[in-house]
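The values are calculated or read from the model by the stated rules, or taken from the named source; none is laboratory data. A quick note: this is a predicted structure, and the numbers were derived from the prediction, not measured. FYI the Cβ positions are ideal-geometry reconstructions off the backbone, even for glycines, and counts take in every protein chain you see. Areas reflect the complete protein model, heavy atoms only, side chains present, ligands, DNA and RNA absent. Shrake-Rupley method; radii C 1.70, N 1.55, O 1.52, S 1.80 Å.
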Amino acid sequence: MEGKSLPMSSDFQHYSFRMPNIGFQNLPLNIYIVVFGTAIFVFILSLLFCCYLIRLRHQAHKELYAYKQVILKEKVKELNLHE
């Protein structure tokens, strides 16, 4: 069977193997609902993820500020001890 091609059946020779032309106006309503619902779900997940990242960033800024305040107080105490 190396190099030999199988002949097509005479039943399939007159069929076209191209995909049918389906326009958006011909799709049933439930497909629109599924696509729209999936898009809304992904959009809401992205919003939640962005809000979570913003909250983490805000929390990191607060912790950094608190850390700098502690370091500043320690430096002030050291300066007062030397005097």
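With a 1.4 Å probe and every protein chain left in place, work out the accessible area per residue of segment 30-83 in Å², rounded to a whole number.
Using a 1.4 Å probe on heavy atoms only, each residue of segment 30-83 averages 101 Å².
Modelled label positions at I33 and L79, each set 7 Å beyond Cα in the direction of Cβ, lie 7.0 nm from each other.
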